[in-house]
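*Asks:* Let me give you the structure first, and then I'll get to my questions.
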Amino acid sequence: MIPEHVPGLTLNNGVRIPQLGFGVFQIPEEGTREAVESALEAGYRHIDTAAAYRNEAGVGAAVAASGIPREALFITTKLRNGDQGRARAAFEESRAALGVEQIDLYLIHWPVPSQGLFLRAWKDLEGIYSDGLARAIGVSNFLPAHLEELTRDADVPPAVNQIELHPTFAQRALADATRRHGMAVEAYSPLGQGEDLDNDAVIGIARRHAATPAQVVLAWHLASGNIAIPKSVTPERIRENLEAVNLALTPQEMEQINELDAGRRLGADPATAAFSQY
């Protein structure tokens, strides 16, 4: 179930995902419950966490306290890099921390090609999916070469590739490759960790619409067909970000934002990233 005011996308297995969600990256465990409760109260129904964030229990506590029917929520979590050789056990740990019977979307967090384990991990995810414990499975930070290797071996095609994506790092080639494989593109750091909000073009568009720069960038993501998971711990900004669903940009404004792409990555490079996340 997706609230009427939030657009949704249909994944390649028929599951619907709210296109605008709430991320909890770098929110400390002790502050996660409050932040997620604010998001749920504002109207978000898609919450994105990860084992590596060490705040799954806080997400679960907020969900349990909300009184919102479980079927009305969409919960994503991710497999730690250091757990690619024990994905099934790691999934069960995440499920217990979240306090849910079923996870809506479970992702391999990074390919870590130097480990040579993501194909093995994917087979475990396929088993989790076939057992009905996850409604959809996918990947995060996979580059075109990783996608090619995975999809050649996969029995269940990944539903999502979650990648760093924002106006100054639009990753068009990777987004196009993701969609060619039938996968949805999900953007993390969708606001460029706040840096893209200071751009003159974004500020000018925001003024014309009496909107915030964040709403403009999120509206650009939605119109581009991306799933976006902005993060904030400020209740007012949490509410403001969700209101981006009501903002329609003109084709000219979309092009203005498209032209901001500078190939400026903020996070790690998936081709070489090799941290365990412990």
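The values are calculated or read from the model by the stated rules, or taken from the named source; none is laboratory data. Quick caveat: nothing in here was measured; it's all calculated off a predicted structure. Methodologically, a virtual Cβ is constructed for each residue, glycine included, from the backbone with ideal geometry; neighbour enumeration extends over all protein chains shown.
*Asks:* Filter the range 125-139 for residues that are surrounded by fewer than 23 Cβ atoms within 10 Å (Cβ to Cβ) and not hydrophobic (A, V, I, L, M, F, W, C); which is nearest to the chain's Cα centre (by Cα)?
*Replies:* Looking at residues that are surrounded by fewer than 23 Cβ atoms within 10 Å (Cβ to Cβ) and not hydrophobic (A, V, I, L, M, F, W, C), I get Arg135.
*Asks:* State whether the residues of the range 25-45 include one that is crowded, with 23+ Cβ neighbours inside 10 Å, under 19 Å from Val139 (Cβ atoms) and modelled with pLDDT of 95 or more.
*Replies:* No, the conditions are met nowhere in the range 25-45.
*Asks:* Look through Asp155, Asp176 and report the one residue that is within 19 Å of the chain's Cα centre (by Cα), surrounded by fewer than 17 Cβ atoms within 10 Å (Cβ to Cβ) and closer than 30 Å to Ile128 by Cα. Give the derivation first.
*Replies:* Values: Asp155 fails: within 19 Å of the chain's Cα centre (by Cα).
Going through Asp155, Asp176 in turn, just one is within 19 Å of the chain's Cα centre (by Cα), surrounded by fewer than 17 Cβ atoms within 10 Å (Cβ to Cβ) and closer than 30 Å to Ile128 by Cα: Asp176.
*Asks:* Which number in (1) closer than 30 Å to Ala96 by Cα; (2) touching a residue at least 24 places away in the same chain (Cβ under 8 Å) marks the one condition that Arg172 misses?
*Replies:* If we test Arg172 against (1) closer than 30 Å to Ala96 by Cα; (2) touching a residue at least 24 places away in the same chain (Cβ under 8 Å), just (1) comes out false.
*Asks:* Check Lys78 against each of (1) modelled with pLDDT under 95; (2) closer than 25 Å to Asn13 by Cβ and name the one condition it does not meet.
*Replies:* With (1) modelled with pLDDT under 95; (2) closer than 25 Å to Asn13 by Cβ applied to Lys78, the lone miss is (1).
*Asks:* Same structure again: Show the residue pairs that are 6+ apart or on different chains and have beta-carbon atoms under 7 Å apart, the first residue being within the range 240-252 and in a helix (DSSP H, G or I), the second being small (Gly, Ala, Ser).
*Replies:* Glu240/Ala214; Asn241/Ala214; Asn241/Ser232; Leu242/Ala42; Leu242/Gly43; Ala244/Ala219
*Asks:* Identify the single condition in (1) out of contact with any Leu (no Cβ under 6 Å at 6 or more places or on another chain); (2) within 25 Å of Pro235 (Cα to Cα); (3) assigned to a helix (DSSP H, G or I) that Gly60 does not satisfy, given that it satisfies every other one.
*Replies:* Here Gly60 meets the rest and fails (1).
*Asks:* Which condition number does Lys231 fail, the rest of (1) touching a residue at least 12 places away in the same chain (Cβ under 8 Å); (2) in a helix (DSSP H, G or I); (3) at negative phi being met?
*Replies:* The number of the failed condition is (2).
*Asks:* May I ask you to list the residues in the range 213-228 that are buried (at least 20 other Cβ atoms within 10 Å of the Cβ), of a type in the set (A, V, I, L, M) and without any contact (Cβ under 8 Å) to a residue 40 or more places away in the chain?
*Replies:* Ala214, Ala219
*Asks:* Does Ala90 satisfy the criteria of being surrounded by fewer than 24 Cβ atoms within 10 Å (Cβ to Cβ), out of contact with any strand residue (DSSP E or B) (no Cβ under 7 Å at 6 or more places or on another chain) and either under 26 Å from Leu191 (Cβ atoms) or modelled with pLDDT of 95 or more (or both)? Talk me through it step by step, then tell me what you get.
*Replies:* Numbers: surrounded by fewer than 24 Cβ atoms within 10 Å (Cβ to Cβ): yes; out of contact with any strand residue (DSSP E or B) (no Cβ under 7 Å at 6 or more places or on another chain): no; either under 26 Å from Leu191 (Cβ atoms) or modelled with pLDDT of 95 or more (or both): yes.
The answer is no for Ala90.
*Asks:* Count, please, the residues in the range 203-236 that happen to be hydrophobic (A, V, I, L, M, F, W, C) and under 15 Å from the mean Cα position of the chain (by Cα).
*Replies:* Looking only at that region, the number is 5.
*Asks:* Going by the structure shown, is Ser232 closer than 17 Å to Phe22 by Cα, surrounded by 16 or more Cβ atoms within 10 Å (Cβ to Cβ) and modelled with pLDDT of 95 or more? Quick ask: steps written out before the conclusion?
*Replies:* Working: closer than 17 Å to Phe22 by Cα: yes; surrounded by 16 or more Cβ atoms within 10 Å (Cβ to Cβ): yes; modelled with pLDDT of 95 or more: yes.
So Ser232 fits the description; yes.
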